[in-house]
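So the structure is just underneath, and the comments pick up after that.
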Amino acid sequence: MQKGEENNAIQQQNEQTIRNFYTAFQQLDYAGMNRCYADEIVFSDPVFMVLHNDEVRGMWEMLCINAEDFTLSFSNITSLDDEYATCNWTASYTFSKTGRKIINHAKAFMKLKDGKIIEHSDGFRLSYWIAQALGWKGRLFGWSGYMKRTVQKNARQSLTAFLQQ
């Protein structure tokens, strides 16, 4: 196999892994999502910050189990090379702590090796998420460092409690 053909095969495998991940996410199948990750995985997003390994897997389990009125779409899977890829996704759900509807538009950045995701970062505007989740208080104060840190702290505490169960 030529080098170019090998790179194309790797990119196709990586894109399929990402499709598998988001298809499982659409079905709230956290086990299927986690099968797309390598044993050593690093994840980050504006809410949970940086997570590793079982924290990542536990986060997806917690989010999937607690999801209400959930829908997800994904598009634009793009291989940047034979290691890195991006994807756009939008989740719509009811935030369980406030009962408010969330529509979260995110861009995923992933590093893959041997057909598994080894690094995953989701980017979205935390202030916009806070405004949706908390209503007028979120719209008024969601931009502030204090409010963002409070949301991050609460998310981390929820994950820690979930993992201890």
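The values are calculated or read from the model by the stated rules, or taken from the named source; none is laboratory data. The shown structure was predicted, so the numbers you read here are calculated from the model rather than taken from an experiment. When we count neighbours, we look across all protein chains shown, and the Cβ atoms used for this are built from the backbone with ideal geometry, even at glycine. Note: accessible area is taken over every heavy atom of the protein model, side chains too, but ligands, DNA and RNA are not part of it. Shrake-Rupley method; radii C 1.70, N 1.55, O 1.52, S 1.80 Å.
Quick look at the numbers
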quantity	calculated
Test: residue in the stretch 106-113 that is open to solvent by 60 Å² or more (accessible area, probe 1.4 Å) and either in a loop (DSSP other than H, G, I, E, B) or out of contact with any Asp or Glu (no Cβ under 9 Å at 6 or more places or on another chain) (or both)	no
Test: residue in the stretch 50-68 that is farther than 25 Å from Leu163 by Cα, hydrophobic (A, V, I, L, M, F, W, C), in contact with a strand residue (DSSP E or B) (Cβ under 7 Å, 6 or more places away or on another chain) and assigned to a strand (DSSP E or B)	no
Single residue of Phe21, Phe74, Phe25 found to be crowded, with 17+ Cβ neighbours inside 10 Å and not in a helix (DSSP H, G or I)	Phe74
Residue in the stretch 67-74 that is within 14 Å of the chain's Cα centre (by Cα) and over 25 Å from Ala31 (Cα atoms) present	no
The stretch 139-160: number of residues that are assigned to a loop (DSSP other than H, G, I, E, B) and either acidic (Asp, Glu) or open to solvent by 90 Å² or more (accessible area, probe 1.4 Å) (or both)	1
Every residue from the stretch 30-49 that is assigned to a strand (DSSP E or B) and of a type in the set (Gly, Ala, Ser)	Ala38, Ser44
Leu163 of a type outside the set (S, T, N, Q) and crowded, with 17+ Cβ neighbours inside 10 Å	no
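Rundown of residues vs (1) in contact (Cβ under 8 Å) with a residue 24 or more places away in the chain; (2) touching a Phe, Trp or Tyr at 6+ places or on another chain (Cβ under 7 Å), yes/no style:
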position: Glu68; (1), (2): yes, yes
position: Lys116; (1), (2): yes, yes
position: Glu119; (1), (2): yes, no
position: Lys137; (1), (2): no, no
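Residue-by-condition table, conditions (1) at pLDDT 95 or above; (2) of a type in the set (S, T, N, Q); (3) under 21 Å from Phe124 (Cα atoms):
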| residue | (1), (2), (3) |
| --- | --- |
| Asn8 | no, yes, no |
| Arg19 | yes, no, yes |
| Gln26 | yes, yes, yes |
| Met33 | yes, no, yes |
| Cys36 | yes, no, no |
| Asp39 | yes, no, no |
| Val42 | yes, no, yes |
| Val50 | yes, no, yes |
| Ala85 | yes, no, yes |
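Quick grid of which residues meet (1) surrounded by fewer than 13 Cβ atoms within 10 Å (Cβ to Cβ); (2) not charged (D, E, K, R):
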{"residue": "Ile41", "(1), (2)": "no, yes"}
{"residue": "Met59", "(1), (2)": "no, yes"}
{"residue": "Asp69", "(1), (2)": "yes, no"}
{"residue": "Ser92", "(1), (2)": "no, yes"}
{"residue": "Gly99", "(1), (2)": "yes, yes"}
